[in-house]
Every structure is written in C-alpha cells, then in structure tokens.
There are 2 protein chains.
Amino acid sequence: MNQLTIVKVGGKVVEDPQSLEVMLKEFSRIAGYKILVHGGGPSASRLAGQLGIKNQFVEGRRITDSETLKLVIMVYAGLINKNIVARMQALSLDAVGLTGADMNLMLAAKRPVKDIDYGWVGDVKEINAPVLTDLLNQNFVPVIAPLTHDGAGQLFNTNADTIACEIAKVLTYSFNVRLVYCFEKEGVLRDENDEESVIQSINREEFQAYKASGVVKEGMIPKLDNAFDAIAAGVKEVIITRAADINTGKGTFIVQ
Amino acid sequence: MNQLTIVKVGGKVVEDPQSLEVMLKEFSRIAGYKILVHGGGPSASRLAGQLGIKNQFVEGRRITDSETLKLVIMVYAGLINKNIVARMQALSLDAVGLTGADMNLMLAAKRPVKDIDYGWVGDVKEINAPVLTDLLNQNFVPVIAPLTHDGAGQLFNTNADTIACEIAKVLTYSFNVRLVYCFEKEGVLRDENDEESVIQSINREEFQAYKASGVVKEGMIPKLDNAFDAIAAGVKEVIITRAADINTGKGTFIVQ
C-alpha cells in the first residue's frame, strides 16, 4: 500500500506567517501522499470581539451560535484555508481547500444537547474516502477546514483533531497512514513549562496515569483520545510534535 | 460536444436566502454539465463597516487594500461559497467550492497601476481548463468564488463577470457553452425603472448606441463587454436575465 501522511496543524501555527511557512516547507518535503487538516486560530476569537459576538467556551470547546457559525465559516473556510492553499501552490503543491460540504466530503450530525448545547457543532458520521483517494491519486493535496455538513444544507463547526483522526481511520483501508498532530510545542510535555520534558512515547496505561496525576490535562486529553482512537483503528504511526519537526522524528509517539 | 451551462450570479441574489433558493432550484434543473460563478455581495461592505475598514470604490469597482482582501477572502471564499455548496448538496448537486488558488484553477496578475491603484485586484491570465473538465466529467459542480492567485502565494480579488467569461471562453474547445449572467433584474432594460422594458436582444452596434444614449451605463457596460467577448470567442449563447429565469428563455440575448 502507498504511504499517506495526514498532518493536523493548529490554528496558532497557521495564523503566524513565519510558523506557517516553516510548517508548509516541512510538509512539502514529506514523501508520498499527503493531506493537511487545519484548525481555527485566534483570529476567529479576535474577529468575534471586533464584531461584538460573544466568545463562549465550555471546557475549551467553542459554543457555536448562528453568528459564530458564520464567523468560523469565514475564518476557517475563507481566510485560513485559502491562505494555506495559495502558499502551498507557491511551493508547487497542487492544493485544494475543502470543507465537509465540498464533494460531500464529511457528513455530520448536530451534536445532541445533553448538559451543554454546543450549538452548530457537528459530530462526524461519515468520511467520503473514495473522493479523498481520487484526489490523492490525481496528485492533489487536500487542505481540509474543520467544517462539516448534514447533507441538508446545514454547515457545522467540527473539531479538527477529530476530523484528522476520522480521515486517518477510513484511509487505512487504502494506504499506510501516518498521522501527525503538530502544534507550537515539542510534543506531550511532562512539565508544561519545560520544552525539554517531551514524553517520547505514551501508551493507554500511561495516558490514564498521566491524566490521573494531572500531567496531561485540558485540550491535550481529547487530542490524545483521538490519537489512541486512530492507532487502535490501524493507523501505522501517530505522533504529536512541533510543526517544525514533522520530518525529524522528534515528538511524542502514540503506542497501542 | 456536450452541453455546458455556466451561470454567473450576483451577490445580491446569493445573499438573500429566498432568492438563493429559487436560483439554486432553477440551476439544479439545468440539463447537462454546469458551473456556478458567484459574485460578492453587500455583506462584504457591511462587514467592512463593522470592522472599521473603509469601503472604497472607483467607477463601481472596489479598491482592495490588504485588509479588504482579507475581508473578501472571508466573505467570498468562506461565507458565500460554502453556503452555496451546502445548499447545492441538499439539492443533490455534488458541489465543490473553489477559488483560483484551489487546483491552480485561475492564475492572475496584479492589475498594473495606471491612473488608479486598485490594490490586490488580479486580471485573469490563465484558466485551468483540464482541471475544470475533469471535475465536470466526474459529475462535480464547480462553485467558483471571485478570487484568483499569482502562483507565488498571493490571492487577488477578481471581477466575477470576467471570470465567468474567461471560463466560458476556454471551455468552448470541449463543450457547447451557454453563459447566463443572472441577477435581480429581468435583463438589460431600456428604462431602468420599468421591468417590462427588457431589451430582447442586443448586438455590438446597438450596444454602442445604447451606451451613447445612456440607456446602458455603469456596471452594465463591463458586464456587456464580457458578454460580447464571450460570444465572439465561440460561446454559443450568452444571456443576461433574472435568477428565477435561468430556464425560461426570458432575458436579453447577446447577438454577435
């Protein structure tokens, strides 16, 4: 099977022109097929502030009311996605920016309201693997914004880590998949203030222990949940690392 | 040769949910291959106002400084484009939203500064006809936002009427192309206050006379320039009509 690398990059990296350029250059050096999934960044919150839209977060997850949905569509599918696509083209990567509605790529359902109403947030139901495989075989580089749709005209805000995980999982049937979660830190850190304290590998048992002791917390928990989900589903390699280290072999390796 | 209909729809139609729905339903009834090109709408100007960005127009054309470029990327490639794509999916049209940077679809050069510096406005240099043809043959419906790129990482704001015309022209080699410019009026009007005064057909000579007498003015002049450009290049039929009349045969026909 062919090699496929899926890189998920966080919003902070993507919105800093210099970090973005470093990341894209590393990304362009990856051999084989590749897909980039990007998150949203601080500019959604900044823009919300300027427009008088209240930023509401519960446990690090944004509450997406109608105005916020419009905002994230503008920032994720517009500003961030198209900027990455244009920069990739300059690096001779034939990028195509997509949301879940484009080519019916990612179907989702509105997250049910239990204790919290997340608003227009979608949970992924189905990834259109044939469409992605066709694009890759035509040498396009899909650049995927964290938006999904319900097939009935409604767009949803969807977690980018989860999208990267779900795409990786369905493509294990056609490719040897490597999944790289990259962001501004060197990996999962034992001490969040010490960039030298990277945990080199982590298995489920250790993950539970790190959670219990508070070493792993907040946004890192769902990220690691996705990482373990991917590795359990047959993704060959899952790494959490710094954007500049996509190709160096540094970072935290997820072990089943 | 196969039949291809290219519809260009203006921003006012696209931003009114009801008009958009009527237009998309008509669009979905068109037989054969189809492409939608959309313009920007009043929400770019409204958003600019909210963000304290000055709207600057010269002869109906927007001056695109750096902040305005970000804004139109958000509104055109994000909000408007993805809303159309999601609505089309609900109508069982397998839409894919694209800017000129996606799949290297439309290369442009920054408009040279003569009397006026239009800023980040691009003039189309090359349309990637093979990519569009492949998408159509795979039964996708391209939904094209009025943004182009220079191949070196820079996006440009580009006139949507011109984009529709340029796409129509290059695709005459592979399809029988019909180009429909649709908007909120019934066609080119003899009297702008009388919707009954539609000019049923117009040739170049009549166009010159209408311009001289002031019947045709402002934004209608570049639109008709594009229309005559397309018909001269081998586009089989060019019509200017109301969004709801895409399939009725009403409107103004361009005659060579």
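The values are calculated or read from the model by the stated rules, or taken from the named source; none is laboratory data. No experiment lies behind these values; they were computed from the predicted model shown. Glycine also receives a Cβ, built like all others from the backbone with ideal geometry; neighbour counts cover every protein chain displayed. Please note that ligands, DNA and RNA were not included when accessible areas were found on the heavy atoms of the full protein model with its side chains. Shrake-Rupley method; radii C 1.70, N 1.55, O 1.52, S 1.80 Å.
Consider B:Asp94 against the criteria (1) of a type in the set (Asp, Glu); (2) away from chain A (no Cβ under 14 Å); (3) in contact (Cβ under 8 Å) with a residue 40 or more places away in the chain: it satisfies all of them except one. Which criterion is unmet?
All conditions pass for B:Asp94, except number (2).
Just to be sure before I move on: is B:Ala152 more than 12 Å from B:Leu105 (Cα to Cα) and open to solvent by less than 10 Å² (accessible area, probe 1.4 Å) in the structure I sent? I'd like the intermediate steps shown before the answer.
Details: more than 12 Å from B:Leu105 (Cα to Cα): yes; open to solvent by less than 10 Å² (accessible area, probe 1.4 Å): no.
Answer is no for this residue.
Of B:Leu51, B:Leu24, B:Leu107, B:Leu36, which residue is without any contact (Cβ under 8 Å) to a residue 60 or more places away in the chain and under 17 Å from the mean Cα position of the chain (by Cα)?
Values: B:Leu51 fails: under 17 Å from the mean Cα position of the chain (by Cα); B:Leu24 fails: without any contact (Cβ under 8 Å) to a residue 60 or more places away in the chain; B:Leu36 fails: without any contact (Cβ under 8 Å) to a residue 60 or more places away in the chain.
Just a single option satisfies the conditions, and that option is B:Leu107.
Could you grab me the full set of residues in the range A:174-196 that are at pLDDT 95 or above and farther than 19 Å from A:Asp161 by Cβ?
A:Ser174, A:Phe175, A:Asn176, listed by residue number.
Could we say that B:Thr148 is of a type in the set (Ser, Thr, Tyr) and under 18 Å from B:Gly32 (Cβ atoms) here?
no
Scan the range B:214-235 for residues that are under 26 Å from B:Arg62 (Cα atoms) and without any contact (Cβ under 8 Å) to a residue 60 or more places away in the chain and jot them down. Steps first, please.
The initial filter retains those residues of the range B:214-235 that are under 26 Å from B:Arg62 (Cα atoms), namely B:214-230.
Within the range B:214-235, B:Gly214, B:Val215, B:Val216, B:Lys217, B:Met220, B:Ile221, B:Leu224, B:Asp225, B:Phe228 meet the criteria.
May I ask you to verify whether A:Gly187 is in contact with a strand residue (DSSP E or B) (Cβ under 7 Å, 6 or more places away or on another chain), at positive phi and not hydrophobic (A, V, I, L, M, F, W, C)?
Details: in contact with a strand residue (DSSP E or B) (Cβ under 7 Å, 6 or more places away or on another chain): yes; at positive phi: yes; not hydrophobic (A, V, I, L, M, F, W, C): yes.
Yes; evaluated as a whole, the condition is true for this residue.
If I ask for residues that are open to solvent by 40 Å² or more (accessible area, probe 1.4 Å) and not in a strand (DSSP E or B), which ones from the range A:112-125 would you list? It would help to see each step written out before you state the result.
Step one: filter the range A:112-125 for residues open to solvent by 40 Å² or more (accessible area, probe 1.4 Å), giving A:112-117, A:120, A:123, A:125.
Scanning the range A:112-125 gives A:Pro112, A:Val113, A:Lys114, A:Asp115, A:Ile116, A:Asp117, A:Trp120.
Are any of the residues in the range B:200-223 away from chain A (no Cβ under 14 Å), crowded, with 19+ Cβ neighbours inside 10 Å, within 30 Å of A:Asn104 (Cβ to Cβ) and basic (Lys, Arg)?
no
Would you pick out the residues in the range A:48-79 that are modelled with pLDDT of 90 or more and more than 14 Å from every other protein chain (Cβ to nearest Cβ)?
Filtering the range A:48-79 for residues modelled with pLDDT of 90 or more gives A:64-79.
Hits for the range A:48-79 are A:Thr64, A:Asp65.
Tell me the residue from A:Thr162, A:Thr172, A:Thr148 that is among the polar types (S, T, N, Q) and within 14 Å of chain B (Cβ to nearest Cβ), please. Reasoning before the result, please.
Values: A:Thr162 fails: within 14 Å of chain B (Cβ to nearest Cβ); A:Thr172 fails: within 14 Å of chain B (Cβ to nearest Cβ).
Answer to the selection: A:Thr148.
Of all residues in the range B:239-250, how many are part of a loop (DSSP other than H, G, I, E, B) and surrounded by fewer than 23 Cβ atoms within 10 Å (Cβ to Cβ)? Walk me through how you get there before you give the answer.
Initial filter on the range B:239-250 (part of a loop (DSSP other than H, G, I, E, B)): B:246-250.
Next, only the ones that are surrounded by fewer than 23 Cβ atoms within 10 Å (Cβ to Cβ) stay: B:247-250.
Number of matching residues: 4.
Among the residues of the range A:165-174, is there at least one that is touching a Phe, Trp or Tyr at 6+ places or on another chain (Cβ under 7 Å) and either aliphatic (A, V, I, L, M) or on the phi < 0 side of the Ramachandran plot (or both)? Don't jump to the end; show me each part of the working.
Within the range A:165-174, the subset touching a Phe, Trp or Tyr at 6+ places or on another chain (Cβ under 7 Å) is none.
Checked the range A:165-174: no residue is touching a Phe, Trp or Tyr at 6+ places or on another chain (Cβ under 7 Å) and either aliphatic (A, V, I, L, M) or on the phi < 0 side of the Ramachandran plot (or both).
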